Amino acid sequence: MGEGWGGGLFMWLLLAFLSAFLLGFYDVFKKMSLKGNPVIPVLFLNTLFCSLFFAPFIVLSYNTEMLDGSLFHVASGGFEQHRWIMLKSLIVLSSWVCGYVAMKNLPITIVGPVNATRPVMVLVGAMLVYGEHLNMWQWIGVLLAILSFFLLSRSGKKEGIRFAHNRWVYFLVSAAVLGAVSGLYDKFLMAKPENGGVGLDKMMVQSWFNIYQCVLMGGALLVSRLFDKTGGTPFQWRWSILGISLFICMADFAYFFSLSHDGAMISMVSMIRRGSVVVSFLFGAMIFREKNLKAKAFDMFLVLLGMLCIWIGSR
């Protein structure tokens with residue numbers, strides 16, 4: 001065991017925790033940026049900054065040999081490959097739009113725990129789409145996630161948020177479901193052709209789907225400006241908007257670095273990443289001064305316990 005830690009065998013575990021930590025700040029910066037701001041310009045700037053971050057890797061990979069053999073190398077491909085990435089962009093962007101709208105209008109201490117149930121949705125989706133079977137531990141995790149969602153709805157009522165009749169909750173659930181669909185789609189994109197997948201390069205997918213999202217959001221921003229005769233909510237620049245892009249890019253990089261290590265366990269990495277809810281929850285309590293924290297903390301604990309059960313069942 002000592003040799004493992006000394007030799008970096010568990011570096012993937014530290015990177016997974018780093019990714020979760022960064023994802024928590026990603027949610028916090030979203031909440032800060034969206035307060036009093038329209039959703040579409042904030043989301044457009046996020047996709048623009050993410051695209052600018054990955055653009056150098058694309059240019060260097062296509063025109064030089066500098067990144068050959070490195071984790072940052074972006075593989076080339078034709079329309080046959082890029083059409084799959086375009087579809088991923090639509091799925092992810094739809095999830096982001098719903099998620100941003102929900103984050104703008106709901107307490108982050110509710111948004112975080114609901115988002116943390118995404119691995120459960122992926123698990124159920126894998127059962128329905130790929131014919132995978134759940135064991136006892138995984139079923140316990142699913143049931144705990146369902147229970148936590150029910151309890152969250154009760155906590156929300158104390159703040160005047162009725163899950164069954166609140167449109168922002170519908171946006172939040174839609175974001176979580178679309179995020180789960182994206183996760184299932186990623187499995188299809190990354191799997192080798194002999195295993196029924198497309199076999200795309202991870203860096204190629206991550207780089208280009210940000211580019212396509214930026215183009216789509218640019219079109220959405222233009223259309224919203226052309227047809228909104230009232231002017232809508234005026235946009236205010238905040239440095240936290242740049243923080244959104246920086247933290248999601250860093251979180252994803254830490255995630256891919258983690259998975260690149262020998263012996264990295266995808267089930268444990270995914271569970272740890274959803275631990276980002278702890279960071280966003282703490283900021284919701286300390287910075288945003290949100291209410292009913294004791295009940296929500298118990299709900300969050302059930303979500304994390306469900307993730308732990310899923311990991312045990314996936315070993």
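The values are calculated or read from the model by the stated rules, or taken from the named source; none is laboratory data. All values reported here derive from a predicted model rather than from experimental measurement. Using ideal geometry, Cβ is built from the backbone for each residue, glycine included, and neighbour counts are taken over all protein chains shown. Ligands, DNA and RNA are stripped out before the accessible areas are found, and what is left, the full protein with its side chains, is counted by its heavy atoms. Shrake-Rupley method; radii C 1.70, N 1.55, O 1.52, S 1.80 Å.
Here is a yes/no grid of residues against (1) open to solvent by less than 40 Å² (accessible area, probe 1.4 Å); (2) within 18 Å of V215 (Cβ to Cβ); (3) modelled with pLDDT under 95:
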{"residue": "G4", "(1), (2), (3)": "yes, no, yes"}
{"residue": "A20", "(1), (2), (3)": "yes, no, yes"}
{"residue": "L23", "(1), (2), (3)": "yes, no, yes"}
{"residue": "M32", "(1), (2), (3)": "no, no, yes"}
{"residue": "I40", "(1), (2), (3)": "no, yes, yes"}
{"residue": "L45", "(1), (2), (3)": "yes, yes, no"}
{"residue": "S70", "(1), (2), (3)": "no, no, yes"}
{"residue": "K88", "(1), (2), (3)": "yes, yes, yes"}
{"residue": "V101", "(1), (2), (3)": "yes, no, yes"}
Among residues belonging to segment 284-315 that are open to solvent by 50 Å² or more (accessible area, probe 1.4 Å) and among the aromatic types (F, W, Y), point out the one that is farthest from R273 (Cα to Cα).
-> F288
Residue check: is L93 among the hydrophobic types (A, V, I, L, M, F, W, C), assigned to a helix (DSSP H, G or I) and crowded, with 19+ Cβ neighbours inside 10 Å?
-> yes
Among the residues of segment 181-221, write down those that are at pLDDT 85 or above and in contact with a Gly (Cβ under 6 Å, 6 or more places away or on another chain).
-> P193
If we keep only residues of segment 144-169 that are part of a loop (DSSP other than H, G, I, E, B) and either hydrophobic (A, V, I, L, M, F, W, C) or open to solvent by 60 Å² or more (accessible area, probe 1.4 Å) (or both), then the residue nearest to M307 (Cα to Cα) is F163
Would you point out which residue out of L172, L184 is out of contact with any strand residue (DSSP E or B) (no Cβ under 9 Å at 6 or more places or on another chain), within 21 Å of R274 (Cβ to Cβ), open to solvent by less than 20 Å² (accessible area, probe 1.4 Å) and among the hydrophobic types (A, V, I, L, M, F, W, C)?
-> L172
Just wondering, is there one or more residues in segment 252-274 that are of a type in the set (S, T, Y), open to solvent by less than 20 Å² (accessible area, probe 1.4 Å) and at pLDDT below 80?
-> yes
For A251, work out the one condition from (1) out of contact with any Leu (no Cβ under 8 Å at 6 or more places or on another chain); (2) in contact (Cβ under 8 Å) with a residue 24 or more places away in the chain it doesn't fulfil.
-> (1)
